[in-house]
Amino acid sequence: GNLSVEFREIDFGKLIQQTMADMQEQIENSTLQFKCKLEDDVKIYSDGDRLYRVLQNLISNALKYSMENSRVYLELSTQENKAVFTIKNMSRTELNFTKEEVMERFFRGDKSRSTEGSGLGVAIASSFTEVCNGNFDIEINADLFCARMEFPLLFKENALEKEHKDTSNRY
């Protein structure tokens, strides 16, 4: 409730590309191959700054925890009036925790790890996504980790309606 959110029209694919470009040095210094399949012109109504942080977190996690010399898959598609983004990677270590555990605040996937990170990553990504008008979920299948975000697609008619509603609620 203490987080300020600024909603506006976002081109989700361009936001993903911008995040990747900003992290290009880290990506190039890794042994990972990033495979992107991004649909064009996927518009959502959200807070781009908050979503940028979620995307950074998910890509950073992939860089930290993926199996060496493996691939990370990023996909953006539209399904049933929703923008759907997924990022998938094979874990470097065995994923010996449940979805519920990793979604809890302060959970660490590697219980022996004590120096790197706050343990808040997935919980904050989930909270930020929900505050930004979306849904966040993860799936664990053996050592495959998949994070998924969904947002309602923004069509021109509801963009104008939301803009008018936002303006009329300011006073």
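The values are calculated or read from the model by the stated rules, or taken from the named source; none is laboratory data. Treat the numbers as computed from the prediction; the structure is a model and nothing was measured. Virtual Cβ from ideal backbone geometry, glycine too; neighbours counted across all protein chains shown. The accessibility values were calculated without ligands, DNA or RNA, using every heavy atom of the protein model including side chains. Shrake-Rupley method; radii C 1.70, N 1.55, O 1.52, S 1.80 Å.
Quick notes on this structure:
For every residue, the table says whether it meets (1) surrounded by 14 or more Cβ atoms within 10 Å (Cβ to Cβ); (2) part of a helix (DSSP H, G or I); (3) at pLDDT 95 or above; (4) not basic (Lys, Arg).
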site: 50; (1), (2), (3), (4): yes, yes, no, no
site: 59; (1), (2), (3), (4): yes, yes, yes, yes
site: 75; (1), (2), (3), (4): yes, no, yes, yes
site: 87; (1), (2), (3), (4): yes, no, yes, yes
site: 90; (1), (2), (3), (4): yes, no, yes, yes
site: 106; (1), (2), (3), (4): no, no, no, yes
site: 110; (1), (2), (3), (4): yes, no, no, yes
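- Pairs with Cβ under 8 Å, 6+ apart, first in the stretch 7-19 and over 15 Å from residue 154 (Cα atoms), second aliphatic (A, V, I, L, M) and open to solvent by 10 Å² or more (accessible area, probe 1.4 Å): 16/38; 17/38
- Only one of the listed residues (23, 67) is surrounded by 13 or more Cβ atoms within 10 Å (Cβ to Cβ), touching a strand residue (DSSP E or B) at 6+ places or on another chain (Cβ under 8 Å), over 16 Å from residue 147 (Cα atoms) and among the hydrophobic types (A, V, I, L, M, F, W, C). That residue is 67.
- Within the stretch 26-39, the residues that satisfy the criterion of being touching a Lys or Arg at 6+ places or on another chain (Cβ under 9 Å) and either farther than 13 Å from residue 75 by Cα or open to solvent by 60 Å² or more (accessible area, probe 1.4 Å) (or both) are 32, 33, 35.
- Taking each residue of the stretch 124-144 that is within 15 Å of residue 53 (Cα to Cα) and assigned to a strand (DSSP E or B) and looking for partners that are of a type in the set (D, E, K, R) and open to solvent by less than 50 Å² (accessible area, probe 1.4 Å) with beta-carbon atoms closer than 9 Å, six or more apart or interchain, yields 136/150.
- Restricting attention to the stretch 3-47, the residues that are among the β-branched types (Val, Ile, Thr) and in a loop (DSSP other than H, G, I, E, B) add up to 3.
- Of all the residues in the stretch 122-137, those that are of a type in the set (A, V, I, L, M) and either open to solvent by less than 20 Å² (accessible area, probe 1.4 Å) or in contact with a strand residue (DSSP E or B) (Cβ under 8 Å, 6 or more places away or on another chain) (or both) number 3.
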